[in-house]
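Notes for the one structure printed next.
All of the numbers you see were taken from the coordinates with simple rules; none came from a lab. No experiment lies behind these values; they were computed from the predicted model shown. All Cβ positions, even for glycine, are placed from backbone atoms using ideal geometry, and neighbour counts span all protein chains on display.
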Amino acid sequence: MAEHNDHPVWGSTVGRRGGAIPFLCYSPRRRHVVELLDDAARWSERTHLVQGDRRLTFAEVFAAADRVAARLEAAGLRRGDRLLLLAPNSPEWVITMWAGLKVGAIVALGNGWWSGPLVAHAVEVITPRVVLADDRRAALVPTGGDRSVISVDEVRKCVEAEAPGTGTSPPDMSPSRVPLPPGQEDDPAVIIFTAGTTGAPKPVVLAHRSVIANLHNLLVMSRRLPHQVDESRAPAVSLQSGPLFHIGGLQALMLALLGGNTLVFLEGRFDPGQVLDVIERERVTWWGAVPTMASRVLEHPSLPGRDLSSVRSVSMGGAPVQPALVERLRAAFPNAKRGMSTIYGMTETGGTVAAASGVTMAEHPTTAGAPLPVVDLRIDSPDAEGDGEIVVRTPGQMLGYWGSSPAETEDADLIDAEGWVHTGDQGRIVDGLLYVTGRIKDLIIRGGENIAPAHVEAVLLGHPAVRNVAVLGLPDADLGERVAAAVQLEPGAAVTEAELAEFAAAQLASYEIPASWWLRTEELPMHDSGKTDKRTLHTTWPVPADH
């Protein structure tokens, strides 16, 4: 194994950091996300990004990021401004993200499935100076204001530009040609939108230390710190079938960067047949997915004839993972039997806080794993069986929600005065392993997407035929949960499920639109407190005629 003494910043010593919140942290450590490009400079000739027939090396990505950074500066982007990425997975998305960070901007990862009103809400909240968008999403960005919209096609031309007068790429491929902007590790780096339990998506602000701490944790656990990587081994090939705008997508991108690995994107929407095609063609070694994606791939009719021998690791997160699904994956991916893993975390914690793989996952198939080294984790108010709220404190956690003061975040019962994040998940710890047993907060997880029922309810209440509504998650074999709406109609109102769905589609993301409806004239069941009794609705939901 090649030892790299030029990476002393990736230490494994754990101590407590001073300051208002006494985080556990590694020492030494990187302090700015752009510095990660320096760790990846040695991989310059390796292929880094693949989509269809496009293949970009690390050197080409670095050089393109500098050119795009200059374009962003010409559009008025400056240090501290927000850059909103509103586009599907692509090399241009990745390169623009790095370009924005090099300028010193705060990069906001917009959800590509948002409706027009949700895009308008995000723009209003974070006030981006520049927006990257493809044609379809650019049409959703409100006009006016002091902002520029740059198209994905324009960035692609910049990416594919050649050095003037040479016909070749620029010879200087160093990732540091654009000076690193000064700053501290607690400065904001990225904004990721997530569904809270109420209202529209919330802009979670992650500092540079948040992004780096999460990566540092995972690299220590896997013994793959930059100075530990064996350069003589062939690079891993990772398939990113989920969106980059999720915390898991950002995590996968950064891990591939530091490991000198190839990251492969699908073309267009998720399709299980395309996943299998890409795994075979690119000889994918690692695949990360939410359980719904994994289940759909396993059910594809072409699966039995596929050569999946290259896959050595399958990692799942974003929703509970059933042991039966893991066993089916082990059968379909025979060389990944020891490489099955599951992770637990949330956007507000900056990513993973617990993980299980290998023997641990085999012997304890329902565990979410052990807390990672710099994660403080406890169970609050446990009952007689040890179940209570999962509460964590980690250097990866968010600074807060953009535009909200720390006091407002505390008022939301998310982060308390001592810096503990109250996850809203229920769980227990047994022999040092975390088991997630349920959810305390009112949240639906559909195919890995978090959905706030209160937000869907607020939209439906805007329809003149709706007197009251309750939105909840019903079990779904494919998606884990599906969105269901019990609607109390106004007396004499005549409206169909299709009409309500069309009304909702104008304001909600596609995955938020209810798939099951219960239109009724009688009042919804209530608790003595006056709140809707969703448990009763759940247990009495009508069985479909074709069930």
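Using R₀ = 22 Å, calculate the FRET efficiency as 1/(1 + (r/R₀)^6) where r is the Cβ-Cβ separation of residue 478 and residue 277; round to 0.05.
That gives a FRET efficiency of 0.60.
What is the gain in length, in nm to one decimal, between residue 526 and residue 331 on full extension, counting 0.36 nm per residue of separation less the C-alpha to C-alpha distance?
Extra length from residue 526 to residue 331 when fully extended: 65.6 nm.
Expressed as cubic angstrom per residue, what is the convex hull volume of the alpha carbon set of the chain? Mind dumping the intermediate values first?
Values: hull volume 90.6 nm³, N = 547.
It is 166 Å³ per residue.
For the range 445-540, what does the equivalent ellipsoid look like in terms of its semi-axes, each the square root of 5 times an eigenvalue of the Cα gyration tensor, given largest first in whole Å?
So the equivalent ellipsoid measures 20, 17, 11 Å along its semi-axes.
Give the residue from 96, 354, 192 lying farthest towards the positive end of the charge dipole for the chain; charges sit on Cβ (+1 for Lys and Arg, -1 for Asp and Glu) and the dipole is referred to the Cα centre.
96
Once the piece of chain linking residue 380 and residue 234 is laid out straight, how much longer is it, given 0.36 nm per residue of separation minus the C-alpha distance between them?
So the extension gain works out to 48.1 nm.
Could you run the Karplus curve 6.51 cos²θ - 1.76 cosθ + 1.60 with θ = phi - 60° over the range 93-105 and give me ³J(HN,Hα) per residue in whole Hz, x for Gly and Pro?
These are the phi-based 3J(HN,Hα) values: 4, 5, 5, 5, 4, 5, 4, x, 5, 5, 5, x, 6 Hz.
Arrange the following residues from fewest to most other Cβ atoms within 10 Å of their Cβ: 471, 278.
Numbers: 471 26, 278 23.
Arranged by neighbour count, lowest to highest, 471, 278 become 278, 471.
Could you tell me which residue out of 87, 208, 324 lies farthest along the dipole of the chain toward its positive end? Charges go on the beta carbon: Lys and Arg +1, Asp and Glu -1, centred on the Cα centre.
Result: 208.
Assigning unit charges at the beta carbon (Lys, Arg +1; Asp, Glu -1) and nothing else, what dipole magnitude in debye, to the nearest 20, does the range 378-439 show about its Cα centre?
260 debye
Let me have the 222 nm mean residue ellipticity of the chain computed from DSSP H runs of 4+ only, each contributing -39500 (n - 2.57), with the sum over all residues rounded to the nearest 500.
So the calculated ellipticity at 222 nm is -8000 deg cm²/dmol.
Could you state the angle between the C-alpha long axis of helix 116-126 and the longest principal axis of the C-alpha atoms of the chain, as a value from 0 to 90 degrees rounded to the nearest 10?
60 degrees
Under a 5 Å amide H to amide H cut-off, with H placed in plane at 1.01 Å, what residues pair with residue 517 once short-range neighbours are removed?
Correct list: 485.
Cα axis of helix 323-332 to longest principal axis of the chain: angle in degrees, 0 to 90, nearest 10?
Approximately 50 degrees, to the nearest ten.
Calculate the spin-label point distance for residue 113 paired with residue 54, positioning each point 7 Å from the Cα along the beta-carbon direction, and give it in nanometres.
2.3 nm
Tell me which residues come under 5 Å, amide H to amide H, from residue 319 once H is placed; ignore anything under 5 positions away on its chain.
none
Taking the 0 to 90 degree range and rounding to the nearest ten, how far is the long axis of helix 272-282 tilted relative to the main principal axis of the chain, both from C-alpha atoms?
Long axis of 272-282 versus the principal axis of the chain: about 10 degrees.
Under a point-charge model restricted to the Cβ atoms of Lys and Arg (+1) and Asp and Glu (-1), what is the dipole moment magnitude of the range 200-346 relative to its Cα centre, in debye to the nearest 20?
Values: 15 positive and 10 negative charges, 82 e Å.
Using Cβ point charges on Lys, Arg, Asp and Glu, the range 200-346 gives about 400 debye.
Quick one: putting +1 on the C-beta of Lys and Arg, -1 on the C-beta of Asp and Glu, what dipole do you get for the chain around its Cα centre, in Debye to the nearest 20? Provide the component values of the computation, followed by the final result.
Details: 49 positive and 66 negative charges, 265 e Å.
That gives the chain a dipole magnitude of about 1280 debye.
For the range 378-439, what ratio Rg/Rh do Cα atoms give with a Kirkwood hydrodynamic radius?
Numbers: Rg = 12.9 Å, Rh = 12.5 Å.
Radius of gyration relative to Kirkwood radius: 1.03.
Which length gain, in nm to one decimal place, applies between residue 324 and residue 437 when the Cα-Cα distance is subtracted from 0.36 nm times their residue separation?
The span from residue 324 to residue 437 would gain 39.0 nm if fully extended.
Give the lysines whose C-alpha is closer than 22 Å to that of residue 441, dropping any in the same chain fewer than 8 places away, or say none.
202, 531, 534
Got a sec? Which residues in the range 474-506 would a label at residue 541 touch, if it sits 7 Å along Cα→Cβ and we count backbone N under 11 Å?
474-477, 480-486
Order these by the 10 Å Cβ neighbour count, fewest first: 109, 461.
The most exposed by this proxy come first: 461, 109.
Could you state the number of Å between the C-alpha centres of the range 345-387 and the range 4-56?
24 Å
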